[in-house]
Amino acid sequence: MKAKILLIIIICVSVYNTSCKKEKHNADCGCNAPTRVTIPDSTSLIGTIQYNTMAFQGYNSYKNKYLIGYTEPDCGNCVHIMVVCNNSILPQQVLNLKNDINQSLTVKLAGHLKPICDKVFAPADYTYENILLTKIEVQ
């Protein structure tokens, strides 16, 4: 009897540890995930960038990150939030937003959208993505 209980405990712990490791090393999301959509430079996409100091719905993966918001012109409720993966491409003017979190800048951008790992519960017309920027210009 004791052997069966011990075996069940070992199996449960093994399954739990395996599932946790799997989540942490998920290649289907995050900045290293495959590109889902490319925003080419030719689209001249204009968004607003700011530095975020708050967690979304308890997820710290959005905290202390640069976020770009884009609202589709013909759909006021269609909002796309993009978490910047590569801060090294950001111009100094954008990097300075970290010192004044109440400010934002209008930017023209291009890059590769990648799925986020921590899904945000939001209306269906809101999207959350990671973005690996290929170009960003302050407007």
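Please report, to one decimal in angstroms, the Kirkwood hydrodynamic radius of the range 37-138 built from all distinct Cα-Cα pairs. Walk me through the intermediate numbers first.
Numbers: mean 1/r = 0.0723 Å⁻¹.
For the range 37-138, the Kirkwood estimate is 13.8 Å.
What is the extension gain from Ala27 to Met54, computed as 0.36 nm multiplied by their sequence separation minus the C-alpha to C-alpha distance, in nm to one decimal?
Numbers: separation 27, 0.36 × 27 = 9.72 nm, distance 2.53 nm.
Residue separation times 0.36 nm, minus the Cα-Cα distance, leaves 7.2 nm.
List Ile101, Ile131 from most exposed to least, where exposure is judged by having the fewest other Cβ atoms within 10 Å. Each step should come with its number before you reach the end.
Values: Ile101 12, Ile131 26.
By the 10 Å Cβ count, ascending: Ile101, Ile131.
Taken together, the values in this text are just the output of simple stated rules run on the coordinates, not laboratory data. What you see is a predicted model; the values in this text were computed from it and never measured. Glycine also receives a Cβ, built like all others from the backbone with ideal geometry; neighbour counts cover every protein chain displayed.
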